[in-house]
Structure formats: C-alpha cells, structure tokens
Amino acid sequence: MPKKPIHEAITMRLEVLDKDGKVDKAFMPDLSGDQLQAMYRSMVLMRKIDEKALNMQRQGRIGTYGSIRGQEAAQAGLAAAMEPQDWTVPSFREQGIMMARGVPAHLIYAFWKGDERGSVFPEGVRCLPIAIPVASQFVHAAGLGMALKLKGDDAVAVGFGGDGSTSEGDFHEALNFAGVFKARTVFFVQNNQWAISVPFRQQTAAQSIAQRAHGYGFEGIQVDGNDILAVYVASKEALDRARRGDGPTLIEALTYRMENHTTADDATRYRPPEDLDYWRQRDPVDRMRKFLSSQKLWSDKKEQALLEECAATVEAEVAALEAMPAPDPTDIVSYMFKELPYNLREQREQLAREVGR
Ligand SMILES: Cc1ncc(C[n+]2csc(CCOP(=O)(O)OP(=O)(O)O)c2C)c(N)n1
Ligand SMILES: [Mg+2]
C-alpha cells in the first residue's frame, strides 16, 4: 500500500519592513500616517521606560529586572492590532505591551520593587498580573479564551511566553485545549533566541515554533519580530480569526534579547558578542524611524520633541512610584488565594506581629 498524505502543513514567515526601513508594498497594512507615527512613538516610550528600570535597578531603587530591549516591535505591533476589550496575559517580559494596554509604568516598576500593589491595575484594564512561572500564561489564556467564547464576549485573550516556554508541558496542554474548543485565544511567543543561557537550537528539533501549531489543528505563523508592520499584520489576522470564532493562532515573533536575561545574569559568559552587532543592525526602533523618514512622516525635530516627551513621562512615572506609601509587608501572601489556607494565615499573623502591623 502506498502511503497517502493525511494533511498539509506549511508554515509561513511574514516580513514587511526590511532592516533598512524599506517596505514590501504587497503586504503593507492600511494604516494612516498618524497610526504609523503612534506605533513608532509607542516603541520609543517602551525603550525609555525600560532603560530607566535598568538604571534604577543599579541604583538599588528597584529589584531584579528583565529588559525588553530589542523586543519593542513585537509588543507595540501586537498592541496596535488589539481592541480595547481584549485580554493580555503577560509573562515577565511584557512590560511594553502592558503599558500600551493601559497599565501605568509606575505599577510595573512597583512590581519589580517587590510591591504587590504593582499588580493592581486601574479599573477596566483587561490585563492579568505578571506571572513568573514559565508557560503558565498559555494555560490561563486558553481558559480565558474558552470562557470568552462561552460568555459570547467580543474579546480575545492573548497569552505570552518565550522560546524557552514552548518546552514546558503547559504550552502543549494549552494549545491542545484551545484547538479542540476553538478558544478565542492568540498564543504569542517572542522567540528572543535565549532562555537565560540556553540557545533556541536546544529547545526543539523543529525548525520553528510556529509549525508546532499544526499538531494542535490550527495555524501558526512566524513573523519578523523586529518588524512592527509584520507583527501588526499577523496579529490583526489572528485576532480577527479568534473574534470570528474560527479558533486560536500561534504567532512566533522572531526577535533577539539585546540585554542580559535579567539584571541577575551576565550574558557575556555565554553569548557570542558578534550576535549583538548583527541584531543591532536590525534594531526595531531604528528600522521604523528609517521607514517613517523615507515617507516624510518623521524628522529630527519630531524625534527631539518625542525624546523630550518620553523623558518627562519617565520622570513622572518614577515620581509616582516613589510617592507610593511604604507597602504592607504582609501583602506577600494576601493575594494568592481568595481565602488563605491555615498555614499561610499563621505565617501572615506571625509576620504582622514581627513588623508591628
Ligand atoms: C516553571 C518555571 N521554570 C523555571 C523558571 C525559571 N526561569 C525564569 S525565566 C526562564 C527562561 C525563560 O526563557 P524564555 O521562555 O525564552 O523567555 P525569555 O526570558 O527569553 O523572555 C526560566 C527557566 C520559571 N520562572 N518558571
Ligand atoms: Mg527567550
């Protein structure tokens, strides 16, 4: 008996903007000059908020911090495609999209200062708290997407993780459930090519993360994650599909982590320095600025004004952080359960006695 194919599986990669800021017109999204400028501005603000966090960590004003430098296009491109009612289910490297979705930066700083109030977002911001357990976000996003479907809510849940997270069982369980139940979910993996010191080639023998979606019966797409326009196009398509009820999508945004894993890491011990030169030439922010300039949508004057505006925003967010009254130390166990189990209740009482609360 000859073998017969039972399915076709082709994984596509999307690029719109090349490293020199030239676009492939066939895939150029229909966005106005104002929208394109707003997308650029959003990336620059993300970078400035991020740079400040690294500086504050060095000054001892916040704790350990993981930078998003190099991943701004992945987060700003997706944010631009999301609707206000959509849910964000972030991991620990999503500060950019969280800000773009309405989480004030000083709360993100507060989180990294170890302050539980950094996870309490303004009313109406549909963003779950930062969750550190790798790949747990996919399970939450699958469940949320299933709930949205059952409730007939016109929103999509977007769950985040990195390349390393795709080796966890949670990733596969979440994708399987979401596929079977046609969850209103988009799985957004930022493949920044490192999981702390483990390179991507040690995560999987597959050529891409995107292709793994085929095994769960839905589409996966790889995009140039340093190309904000490609990320926007792929995200819009995936969000529209989920909103129509046609099921989830896995997006792999191929990018690069330009900084250390966190401030507790030293990437010079494992990463070839020439990688950084290669990726610096593909910087997502520079690339979009080159494109906008070529379209006469940007100028040195606008750049200067934007940098001044971002510096003022950063200072205002730091001032808001430092104006927060000292946190209640017993908060560390306050939000884990609706009702505290007896052992945590005892520990909280003991802590309260020790700190005099
Ligand atoms: C379940 C679990 N295991 C291990 C860790 C420790 N840890 C934190 S980040 C990380 C690597 C994550 O790599 P990746 O998914 O590529 O995300 P990136 O940090 O590159 O954004 C690990 C192993 C964790 N937080 N959770
Ligand atoms: Mg990674």
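What to note about this one:
- When only the Cβ of Lys, Arg, Asp and Glu is charged (+1, +1, -1, -1), the dipole of the chain relative to its Cα centre reaches about 460 debye.
- Per residue, the convex hull around the alpha carbon atoms of the stretch 118-241 comes to 123 Å³.
- Span from the the stretch 187-218 Cα centroid across to the the stretch 1-21 one, whole angstrom: 15 Å
- Dipole of the stretch 19-124, positive direction: furthest Cα of Tyr109, Ile62, Met43, with charges on the beta-carbon: Ile62
- Relative to the current alpha-carbon distance between Ala147 and Lys25, full extension at 0.36 nm per residue lengthens the span by 40.1 nm.
- Here is the size of the stretch 173-325 from its Cα atoms: Rg then Dmax, 19.3, 52 Å.
- Pairs spanning more than 21 Å between alpha-carbon atoms, out of Lys48/Lys236; Lys52/Lys301; Lys113/Lys338; Lys25/Lys296; Lys19/Lys290; Lys25/Lys301: Lys48/Lys236; Lys52/Lys301; Lys113/Lys338; Lys25/Lys301.
- Radius 11 Å from Cβ of Ala155, net charge of other residues (Lys, Arg +1; Asp, Glu -1): +1
- Share of pairwise Cα separations in the stretch 237-348, more than 24 Å, in percent: 68 percent
- Extension gain from Ala38 to Asn55, taking 0.36 nm per residue of separation minus the Cα-Cα distance: 3.5 nm
- Unit Cα scatterers, Debye sum, the stretch 185-265: log10 I(q)/I(0) for q = 0.12, 0.19 Å⁻¹: -0.38, -0.84
- Integer Hz, Karplus 6.51/-1.76/1.60 couplings in order for the stretch 339-353, x for Gly and Pro: 10, 5, x, 4, 5, 6, 5, 4, 5, 5, 5, 5, 4, 4, 5
- Here the chain exposes an accessible surface that is 52 percent carbon and sulfur, computed with a 1.4 Å probe and the other protein chains kept in place.
- Anisotropy class of the stretch 1-83 from Cα gyration tensor, a/c 1.5 cut: oblate
- Across Thr64, Thr185, Thr330, mean-square fluctuation computed from a Gaussian network of the chain (C-alpha pairs under 10 Å connected) peaks at Thr330.
- Scalar couplings 3J(HN,Hα) for the stretch 22-36, obtained by applying the Karplus form with A = 6.51, B = -1.76, C = 1.60 to θ = phi - 60°, are 9, 9, 8, 4, 4, 10, 5, x, 7, 10, 6, x, 4, 5, 5 Hz; x denotes Gly and Pro.
- Within the chain, antiparallel bridges make up roughly 10 percent of the DSSP beta bridges whose residues both belong there.
- Mean accessible surface per residue for the chain, computed with a 1.4 Å probe while every protein chain stays in place, in Å²: 49 Å²
- Rg ratio (alpha-carbon, reference 2.2 N^0.38 Å) - the stretch 96-176: 1.18
- Summed residue charge, Cβ within 11 Å of Ala100's Cβ, Lys/Arg positive, Asp/Glu negative: 0
- The C-alpha radius of gyration of the stretch 12-326, expressed as a fraction of 2.2 N^0.38 Å, stands at 0.95.
- Separation between Cα centres of the stretch 110-175 and the stretch 71-87, rounded to whole Å: 14 Å
- Between the amide H of Leu14 and those of Gln222, Val223, Asp224, distances stay under 5 Å, these residues lying 5 or more places away or on another chain, with hydrogens modeled in the peptide plane.
- Overall, the stretch 210-266 carries a charge dipole of about 360 debye about its Cα centre when +1 sits on the Cβ of Lys and Arg and -1 on the Cβ of Asp and Glu, all other atoms neutral.
The values are calculated or read from the model by the stated rules, or taken from the named source; none is laboratory data. These numbers were taken from a predicted model, which means no experiment stands behind them. Reconstructed Cβ throughout: ideal geometry from the backbone, glycine too, with neighbour counts over all protein chains shown. Surface areas here come from the heavy atoms of the whole protein model, side chains and all, with no ligands, DNA or RNA. Shrake-Rupley method; radii C 1.70, N 1.55, O 1.52, S 1.80 Å.
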